[in-house]
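The values are calculated or read from the model by the stated rules, or taken from the named source; none is laboratory data. Computed from a predicted structure; not experimentally measured. Neighbour counts run over all protein chains shown; Cβ positions are idealised from the backbone, glycine included. Keep in mind that these areas ignore ligands, DNA and RNA; they rest on the heavy atoms of the full protein, side chains included. Shrake-Rupley method; radii C 1.70, N 1.55, O 1.52, S 1.80 Å.
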Amino acid sequence: MATYSWARKLVVYYFFIISSCCFFSFSYGRITPNFKVRAVNLGGWLLTEGWIKPSLFDGIPNKDFLDGTGLQFKSVTVGKYLCAELGGGTIIVANRTAALGWETFKIWRINSTSFNFRVFNKEFVGVDGSGNVVAVENKPGFSETFEIVRKSDDPSRVRIKASNGFFLEVQVKTEELVTANNGGNGGWGDDDPSVFIMKTSGKLEGEFQITNGYGPIIAPQVMREHWKTFIVEEDFKFIASNGLNAVRIPVGWWIASDPTPPKPYVGGSLHALDNAFFWAKKYGLKVIIDLHAAPGSQNPWEHSANRDGTIEWGKTDDTIQQTVAVIDFLTARYAKNPSLYAVELINEPLAPEVSFEMVKKYYEAGYNAVRKHSSDAYVVMSNRLGSADPTELLPFASGLKGSVIDVHYYNLFSDMFNDMTVQQNLDFVFTNRSAQLNTVTQSNGPLTLVGEWVAEWQVRDATKEDYQKFAKAQLEVFGRATFGWAYWTLKNVNNHWSLEWMIKNGYIKL
């Protein structure tokens, strides 16, 4: 009897071990969440996006000359545009009848009156020893410094003053040669070879532009006042009382260096993030920390704190290691806070400029950095935008416990939406978006998060009822995401982009 009892216990023991192994094997890639996230993004708060609150930029002197603004210069004497020959690496010419990439010069702002000009191939415009204007230097120095002088009653008519004290002028006979040897004593007429008609081509209004635009004295005052007033405790109370259970908070990489981040960024955003965690705990909300801007910028847009549209993140191991260090810092700081629910490793890397190999390498290192401090925080991995396969992360992420794939769905930013009717937009959500979400939602794969969506579209003269139907359709479809969704964003001067406005005015019911 004793032998039988012992044998039976042994069988039960082995059955328990085998069952446990099977359980953890089948559930390793997925932790079933206690609830689905119904979140709102706190965009435009700890990471500037000028279109969310344009008034932030109002006090910047010469605010149309911010970093990354593209400038095109047409000579009044020859009627043709300045151009970086071959896109850079040689001389500047003035022989193009139309302005495109090689004819666009991107600003690096030194102060309100002094600038560097970066050309298509990333070299900087400068003046050589003979006074010829060239684009050969990879780093700007004194010879690559220019001043733009505007005609007082016509700001589109300009002269460009070089570091040698002379103005740029076009040699009319050749059109090939642009020199810096004009004294600027003439008038502003069409016969003056130093006069150009200036046009702008694109601009950025992100964290780099606002902090570098205001400068080291004023920027700290402006940004700290913004962080203190744009999102406050009452907002968390409003969120919690209106059917939401989480916030997704975009931050920039320099937050890990607070209170003395590298220039031009200013300290103080970390204190604001601490406040957010305190308020979230008070009102029972979860927090998704979202690294929206990585060192070197992972996409060309202002929300990655890009300086001039150039993507440097992922080109070297240094940017990967720096970003992992930021994730390590943030997770270590908030790992013991009960409101920390997830850490998003990076937002919207752009394919193919950012390779899948580098993204995967970073995600593996970033995941390990989170797990070093937390065994239960979810780790969110944003799909690459652009030409990337939306399923490319699934085999990798499926083997990582608590992993989440973030997808962003907007009925915007593509010509295909320009002429869609209300019904066509609704059909697109129910058919196309549903299919896209199903594609990335696999039974043994990572959880799925629709990390950004909005009840805005290209439909003209849409009624309130139309918007209600559109919002309801997206809530229904995106509610099927296994991790949840997050509306972009809580506050915005554009009403339909503001979830606060949409809720208060009855456009969205949660």
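When the residues of the range 76-90 are filtered to those that are out of contact with any Asp or Glu (no Cβ under 8 Å at 6 or more places or on another chain) and open to solvent by 40 Å² or more (accessible area, probe 1.4 Å), which remaining residue is farthest from E144 (Cα to Cα)? Result: L86.
I'm trying to understand the selection: among the residues of the range 279-294, which are touching a Phe, Trp or Tyr at 6+ places or on another chain (Cβ under 9 Å), in a helix (DSSP H, G or I) and over 18 Å from T489 (Cβ atoms)? K282 - this is the single residue of the range 279-294 that is touching a Phe, Trp or Tyr at 6+ places or on another chain (Cβ under 9 Å), in a helix (DSSP H, G or I) and over 18 Å from T489 (Cβ atoms). Meeting the requirement of 1 or more residues that are of a type outside the set (F, W, Y) and free of Cβ contacts under 8 Å to residues at least 60 places away in the same chain, the strands (runs of 3 or more DSSP E) wholly within the range 117-216 are 124-127, 133-137, 146-151, 154-161, 167-170, 178-182.
Scoring L490 on the criteria (1) surrounded by fewer than 21 Cβ atoms within 10 Å (Cβ to Cβ); (2) part of a loop (DSSP other than H, G, I, E, B); (3) among the aliphatic types (A, V, I, L, M) leaves a single failure, condition (1). State all residues of the range 245-265 that are in contact with a helix residue (DSSP H, G or I) (Cβ under 8 Å, 6 or more places away or on another chain), open to solvent by 10 Å² or more (accessible area, probe 1.4 Å) and touching a residue at least 24 places away in the same chain (Cβ under 8 Å); if no residue qualifies, say none. Across the range 245-265, the qualifying residues are W253, A256, K263, P264, Y265.
If the condition is being surrounded by 18 or more Cβ atoms within 10 Å (Cβ to Cβ) and out of contact with any helix residue (DSSP H, G or I) (no Cβ under 6 Å at 6 or more places or on another chain), then the range 313-332 contributes T319, T323, L330.
In the range 149-171, the qualifying residues are those that are aliphatic (A, V, I, L, M) and touching a Lys or Arg at 6+ places or on another chain (Cβ under 9 Å), and the one that is surrounded by the fewest Cβ atoms within 10 Å (Cβ to Cβ) is V149.
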